[in-house]
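Participant: Below is one structure. I have some questions about it.
The values are calculated or read from the model by the stated rules, or taken from the named source; none is laboratory data. These numbers were taken from a predicted model, which means no experiment stands behind them. Here the Cβ positions follow ideal geometry from the backbone for every residue, glycine too, while neighbour counts run over all protein chains shown.
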Amino acid sequence: MAIGKTLFVGIDIGSDTNVVRILDDTGKDVCGFSVANDLPGVERLVERIVTEAELGWSKNVAVTRRQGCY
């Protein structure tokens, strides 16, 4: 499956769980998932981003995170 040239990764960071959504540069929803907010969760997050980029032949990844009220 070919996707846009850039993946945009949005992360809503929580105290226990981080919610992730990946879109391509056309706005197409590539996938969404949650990971634990710990080292194994971050490792899973990175693996998933790399996998999605390789599956869609994407060369660029932009990561954003939501700023909330703390």
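Participant: Could you look through region 51-70, keep only residues that are surrounded by 12 or more Cβ atoms within 10 Å (Cβ to Cβ) and more than 16 Å from residue 13 (Cβ to Cβ), and pick out the one that is modelled with the lowest pLDDT?
Facilitator: Among those residues, the one meeting the criterion is 58.
Participant: I'd like the full set of residues that are of a type in the set (Val, Ile, Thr) and within 10 Å of the chain's Cα centre (by Cα), limited to region 30-45.
Facilitator: Residue satisfying the conditions is 30 alone.
Participant: Which condition number in (1) at pLDDT 90 or above; (2) surrounded by fewer than 11 Cβ atoms within 10 Å (Cβ to Cβ) is the one that residue 33 fails?
Facilitator: (2)
Participant: When region 12-30 is examined, which residues are found to be surrounded by 11 or more Cβ atoms within 10 Å (Cβ to Cβ) and of a type in the set (Val, Ile, Thr)?
Facilitator: Start the filter on region 12-30 by keeping residues that are surrounded by 11 or more Cβ atoms within 10 Å (Cβ to Cβ), which leaves 12-14, 17-25, 28, 30.
Those that are surrounded by 11 or more Cβ atoms within 10 Å (Cβ to Cβ) and of a type in the set (Val, Ile, Thr): 13, 17, 19, 20, 22, 30.
Participant: For region 18-35, give me each residue that is farther than 16 Å from residue 55 by Cα and in contact with a helix residue (DSSP H, G or I) (Cβ under 8 Å, 6 or more places away or on another chain).
Facilitator: Matches in region 18-35: 18, 20, 33, 35.
Participant: For region 1-40, enumerate the residues that are under 15 Å from residue 60 (Cα atoms), assigned to a loop (DSSP other than H, G, I, E, B) and among the aliphatic types (A, V, I, L, M).
Facilitator: Here is the first cut: in region 1-40, the residues under 15 Å from residue 60 (Cα atoms) are 2-10, 22-27, 30.
Filter once more, so that each one left must be assigned to a loop (DSSP other than H, G, I, E, B): 2-5, 25-27.
Matches in region 1-40: 2, 3.
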